[in-house]
Amino acid sequence: MGRRFALKKMTERYEGSFYGRRKGKPLSPRRTHLMETALPRLSLDLKEPAPQNLADLFDVPVREVWLEVGFGGGEHLLHRARENPDVGLIGVEPFVGSMAKVVNTLNEEGLRNIRLYDDDAVNVLDWLPEASIDLAYQLYPDPWPKKRHWKRRFINPQNLDRYARVIKPGHQFRFASDIDTYVDWTLQHCRDHAAFEWTAEGPDDWRKPWANWPGTRYEAKAFREERVPRYLTFLRT
């Protein structure tokens, strides 16, 4: 029975987890050095139990903890950290070049309210305590546009269960994409999930980004290629 349970958990663990390449162009010697020296200090240590109060993860006092899964170029993550110095942010990104960019910026600016993780986001979601996150973002995730690859999309029932477990009731999960099929996919999956409620009351609620939106390089690419981004907000009920 124990073996069957372990196999079941292993199967659940990999449905909708990270797919795709982790490396692009080689890093410069400076960024390679930072990844070897600075990233370990900034990274979550998932070998240790998560603190019940996630504020203890940060070197500065924080009133809330936010999560961004797949921060890409880091534009949004860094912007939110700068404008909210009393909020702790956990950023997850498996792509080496993107992580190195953010580590470099943190080193230059001395921001102390960000913690990082450079592997599969489900590891973090499974590690976090229940009802510990005040706000979660997933912005422009890999859309896997071919229908045969849709099962690889991160938004699925298992991962929504994970989000539901860690987001505090009454708080938000925010999602953005410029791919219509992924927007529809996310709406359907969140509507079908008992723990999430779409908050939109009118068209502007999904056509316009959230307050103090910095934009991202993926969004800029969408505009260049004449795709229209959508911004979805769901309440953890």
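The values are calculated or read from the model by the stated rules, or taken from the named source; none is laboratory data. The model shown is predicted, which means the values in this text are computed figures rather than measured ones. Don't worry about glycine lacking a Cβ; one is built from the backbone with ideal geometry, like all the others, and counts go over all protein chains shown. Surface areas here come from the heavy atoms of the whole protein model, side chains and all, with no ligands, DNA or RNA. Shrake-Rupley method; radii C 1.70, N 1.55, O 1.52, S 1.80 Å.
Couple of notes before you dig in:
- If R0 is taken as 30 Å, the Cβ-Cβ distance between Trp210 and Asp161 corresponds to a FRET efficiency of 0.75.
- Distance between the pseudo-spin-label points of Arg30 and Asp142 (7 Å out from Cα toward the beta carbon): 3.0 nm.
- Kirkwood hydrodynamic radius of segment 27-147, Cα pairs, Å: 14.7 Å
- Kirkwood-type radius of the chain, with distances r between different C-alpha atoms, in Å: 18.5 Å
- Scalar couplings 3J(HN,Hα) for segment 154-167, obtained by applying the Karplus form with A = 6.51, B = -1.76, C = 1.60 to θ = phi - 60°, are 5, 6, 7, x, 5, 6, 5, 4, 5, 4, 4, 5, 9, 7 Hz; x denotes Gly and Pro.
- Charge context of Pro209, other residues only, Cβ under 13 angstrom, K/R +1, D/E -1: 0
- Convex hull of alpha carbon positions in segment 41-89: directionally averaged projected area 3.9 nm².
- For the chain, the fraction of 1.4 Å probe accessible surface lying on carbon and sulfur atoms is 51 percent.
- In terms of its alpha-carbon gyration tensor, segment 174-237 comes out prolate; a/c meets the 1.5 threshold, and the first ratio a/b outweighs b/c.
- Restricting the calculation to alpha carbons of segment 120-237 gives Rg and Dmax of 14.0, 40 angstrom.
- Distance between modelled label sites at Arg41 and Glu225, nm, 7 Å Cα→Cβ extension: 3.8 nm
- Rounded to whole numbers, the Karplus 3J(HN,Hα) couplings from phi for segment 61-69 are x, 10, 8, 9, 10, 10, 10, 10, 9 Hz, using 6.51 cos²θ - 1.76 cosθ + 1.60 with θ = phi - 60°, and x at Gly and Pro.
- Report note on the peptides 168-175, 89-96, 140-147, 100-107: ranked by the mean count of other C-beta atoms within 10 Å, highest first, their order is 89-96, 100-107, 168-175, 140-147.
- Computed extension gain for Arg112 through Asp180, at 0.36 nm per residue and net of the alpha carbon distance, reaches 20.8 nm.
- Computed over protein heavy atoms with a 1.4 angstrom probe, the accessible surface ordering of Asp204, Asp192, largest first, is Asp192, Asp204.
- A 1.4 Å probe run over the chain, with the rest of the protein chains in place, finds 53 Å² accessible per residue.
- In the chain, Cα pairs under 8 Å separated by at least six residues give a relative contact order of 21 percent.
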